[in-house]
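Have a look at the structure below before the remarks.
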Amino acid sequence: MPSEYERLRRLNLDIGLAETRGDTEFFERLLAPAFAMRRANGMRVDDRASFLASLGESADRATELRSIAVFESNRALVDCTVTMSTPNGPTRFHNVRLFTRRSARDDWQLLAWANEPAV
């Protein structure tokens, strides 16, 4: 059975792949009922409905995990850098993702996601 660290590592790598595919079903399962995402431009915060509505196929992403912290057993914070392929070359973004769940028997859900350009 994989560790919580391994589950969260795999889940965060899958997020980038699902975003690239525009995989609405993946995110419908992943996002908490009350969800917030701060977009990289800092001008917009999406809720669950607006995030799902914005999904579509997009540039390839590569996720580099920087840290995963599990607090007690039902909260986790993931710090990662996502690099997107663009016509002007790779663009990097720093992401912080907060996951929660009701109990250790439940799946992780993404409650909050803050994104900004990496320096």
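The table for this structure:
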| read-out | value |
| --- | --- |
| Helix 4-21 vs. the chain, principal-axis angle (Cα, 0 to 90°, nearest 10) | 30 |
| When the convex hull of its Cα atoms is projected in every direction, mean area for the chain (nm²) | 7.5 |
| Which of Ile15, Ile68 has the fewest Cβ neighbours within 10 Å, and the rest in rising order | Ile68, Ile15 |
| In sequence order, calculated HN-Hα J values of segment 52-65 (Karplus, 6.51, -1.76, 1.60; Hz; x Gly/Pro) | 4, 5, 7, 5, x, 4, 8, 4, 4, 10, 10, 10, 10, 7 |
| Mean Cα-pair separation over length for the chain, i.e. relative contact order, pairs under 8 Å, 6 or more apart, % | 25 |
| 13 Å beta-carbon shell around Asp47, net charge (K/R +1, D/E -1) | +3 |
| Inter-part distance where segment 30-46 and segment 94-112 are each reduced to a Cα centre, Å | 14 |
| ³J(HN,Hα) computed for each position of segment 81-94 - Karplus, 6.51 cos²θ - 1.76 cosθ + 1.60, integer Hz, glycine/proline x | 10, 10, 10, 9, 7, 10, x, 8, x, x, 10, 10, 10, 8 |
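Values quoted throughout were computed directly from the atomic coordinates according to the rules given, and no laboratory measurement underlies them. Since we're looking at a predicted model, the values are computed, not measured. So basically every Cβ, Gly included, is an ideal-geometry build from the backbone, and we count neighbours across all protein chains shown.
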